[in-house]
Structures are given as structure tokens and as C-alpha cells.
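In what follows, a single structure is set out as C-alpha cells and then discussed.
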Amino acid sequence: ARDWHADYFTELAGHGLSCVAAFSQELVLPPDDPPDAVWIARYPDGEPVLTATGFGNLYSSHCAYAPPYRDYIKQAYLEIATLMEAAGLTVRLQFGEVLWWYFPNASGMAYYDAYTTTRFYQQHGRALHVFQMPNDDPSVNGYVDANFLRQTVMDHVGAIRSYVLASHPNAKFELLWPLDVNDPATRRLNRYINLPREWETQSGSGFDTFLIEGFQFAGVDRNLDKVRWMAGYPFEVLSWPRSACRYLMGNFNAGWPFARDYLTARRTLVPLIKLWAYDHLCLFARLLPLPSESRNHR
């Protein structure tokens, strides 16, 4: 009873709608059995990273960057690419928050599954530093530990891309990256390990598009200044071309400032805004068509 947690988005592309198939770093009921079958990320005290799904007693597990999960998810990406191509679609695949887990438990951050800690010890002859909080200083030990974690994410993503491209050479890839949980002002460790320097610009990143999101800014904080900063972040703070950037807009609680979120993002001239998710759009009876700027003349 495993689930690869696929989400689907649509985007306007020239003559019609194209699809983007997305996979996250989470699974429900993965066959975790360390130290050999390592599937779930763990905190320093050995506790697994679990999030309630809201469906009975099912929990979503944030997965580790270990061979069992990587082999599984590589095949998932390959199979969806094959289905998309067979349907006559351009293969567009998203790495949906394929990053280290953002939050600690009482013992520290979630980098300490058996595979990761063993591999670090084999490379450096000592234990991986125990990071406590998402705002810890990544420069500890001359950045060696943080660089190891950052490179682990890059290698994982690179392995999946190479695997798909071997049989689908025209496949396109998108990075979904959340700014709220990687805010450099308040979560500098997260920001450092979850956005490698190579991903700060399109050239050399391996991605065709950069999709930014941060549901806390609009949906929890109601902070439209942060929304404006976030929507423009890939092309105003990072070095991505605006044409390759997208904004993922949430709408999953009744108090969401839906129209203002959309209009604030649109004022950055980001070329495409995606909505997460369609069922929430229906549930909260959001008004369609989407709002437009008022044009008052005196």
C-alpha cells in the first residue's frame, strides 16, 4: 500500500494545455527497515519524520536520500514520462519539494537516517554534525557538513534526471521550491542546503522552469509584501530569466486572501501562476474568472 504522492498541474502552453507531473519526497507506508532498507528520514534520536495525512491513522513519511527510495522514485518518474509521451504530451516532470525536511524535533534536524550518517562517516571519518534548528549556521566545520547535505540533494535529483533522459531525451524538468520554509533571514541552514548554488540560475541547473511557493506568507501570515517578494524571488533575487519562472498560489483555507494573493503575484509580471489545488478551488467556491486589476479613470 505505497503511494508516490503524485500531484498534477496544468499550464497554458501556446496552443493549449500541457501537463506537469510532480512527485514529492513523501510516501505513505514505505517499507522502511533500517539499516539495510532505509526509506524514511530520521531525527538524531532515531524518530522517523511523519506527517498526519488527515485520513484515518495514515501518515506521510518524508523519505531519505537512500538507494531503495531512489530506485523506486526513478522508476515512478520514468513510468509517468512514458505515459505522457504515449498520450502525445511533452514530458514535463516536477521535483516537488525534493529537499531536506524543514523542521526539527526535540533532538534536532532530520538528516540522521542510517544511510546518510554511515556515508558521511565513511567519507570524513567522524560523525555528521548534529544540527539543531533550521537557522543553524551552515559554516560549522568549514561548511563540510552542510555541503555534504547539499550535494546529497543534488546527486539525488541528478540521478533521477539522467535516468529519465536516457530514454526520454526531450523531457523537461521543473523545480518546485518553497521560500517560506527556506527563508534566508530566519532559516539560513535550510536555505543553504536546499538551494545549491547551481540551482540559482537556469544555466547548469538541469531545470527548465523554477516554480516558487510559500503558502505561509499568504495563507497564514496574510503578508502581501512577502508574497510580492516571493513571486519575484527567482528572477529578482536569484538569476533565473523571468520567462522560465512560475508562481504556485495556494487556496486551501477559507480565510485565504485569494484575489489579493493572485493580483500581488501578477504585478511582478511572472508569466504563469498555478493554483494549488483544483479541489480547494471548488470547495471554497472561488470566483472565476480570476480577478483583474481595476481600471478607474478620472
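The values are calculated or read from the model by the stated rules, or taken from the named source; none is laboratory data. The structure presented is a predicted model; accordingly, all values stated were derived computationally and were not measured. Cβ placement follows ideal geometry from the backbone for every residue including glycine, while neighbour counts extend to all protein chains displayed. For the accessible areas, the whole protein counts, side chains as well, though only heavy atoms, and no ligand, DNA or RNA atoms are used. Shrake-Rupley method; radii C 1.70, N 1.55, O 1.52, S 1.80 Å.
3J(HN,Hα) couplings calculated from phi for the range 219-231 with the Karplus curve 6.51 cos²θ - 1.76 cosθ + 1.60 (θ = phi - 60°) are, in sequence order, x, 10, 7, 6, 10, 6, 5, 5, 4, 4, 4, 5, 4 Hz; Gly and Pro show x. Taking 0.36 nm per residue of sequence separation and removing the Cα-Cα distance, the residue 201/residue 85 pair yields an extension gain of 39.0 nm. Descending by average beta-carbon neighbour count within 10 Å, the peptides 206-214, 237-245 line up as 206-214, 237-245, the highest first. With the simple model of a label 7 Å out from the Cα in the direction of the Cβ, residue 57 to residue 165 spans 4.5 nm. The calculated FRET efficiency for residue 288 paired with residue 117, based on their beta-carbon distance and R0 = 45 Å, is about 0.35. The long axis of helix 67-86 is offset from the longest Cα principal axis of the chain by roughly 30 degrees. Estimated at 0.36 nm per residue, the fully extended path between residue 33 and residue 124 surpasses their Cα-Cα distance by 30.2 nm. For residue 226, the lysines whose Cα falls under 28 Å of its own Cα, not counting residues fewer than eight places away in the same chain, are 274. Hey, what number do you get for the chain at 222 nm if only DSSP H runs of n ≥ 4 count, each worth -39500 (n - 2.57), divided across all residues, to the nearest 500? Per the formula, -8500 deg cm²/dmol.
First check a/c for the range 219-267, with a ≥ b ≥ c the square roots of the eigenvalues of its C-alpha gyration tensor; if it is under 1.5, answer rounded, and if not, answer prolate when a/b is larger than b/c or oblate otherwise. Numbers along the way, then the final one.
On the way: a/c = 2.55, a/b = 2.10, b/c = 1.21.
The shape class here is prolate.
Solvent exposure of the chain, expressed per residue, is 48 Å² of accessible area, with all protein chains present and a 1.4 angstrom probe.
For the peptides 61-67, 222-228, the ranking by mean Cβ contacts within 10 Å, running from highest to lowest, is 61-67, 222-228. Within the full protein context, the accessible area of residue 71 is estimated at about 100 Å² for a probe radius of 1.4 Å. Amide H to amide H distances under 5 Å link residue 250 with 276, where only residues 5 or more positions off or on other chains count and H is placed in the peptide plane.
Straight-distance candidates among the aspartates and glutamates for linking to residue 74, with alpha-carbon spacing under 17 Å and chain neighbours fewer than 8 residues away dropped: 3, 7, 26, 85, 97, 155, 174.
Protection proxy ranking, highest mean first, for peptides 140-148, 169-177: 169-177, 140-148, where packing is the per-residue count of other beta-carbon atoms within 10 Å, averaged.
Each other residue within a Cβ distance under 14 Å of residue 146 adds +1 if Lys or Arg and -1 if Asp or Glu, for a net charge of +2.
If you take all other residues with their beta carbon under 11 Å from the beta carbon of residue 224, and give Lys and Arg +1 and Asp and Glu -1, the sum is +2. Residue separation of residue 281 and residue 144 scaled by 0.36 nm, minus their Cα-Cα distance, works out to 44.9 nm of gained length.
Summing +1 for each Lys or Arg and -1 for each Asp or Glu, what net charge is found among the other residues whose Cβ lies under 13 Å from the Cβ of residue 190? Residues close to residue 190 contribute a combined charge of -1.
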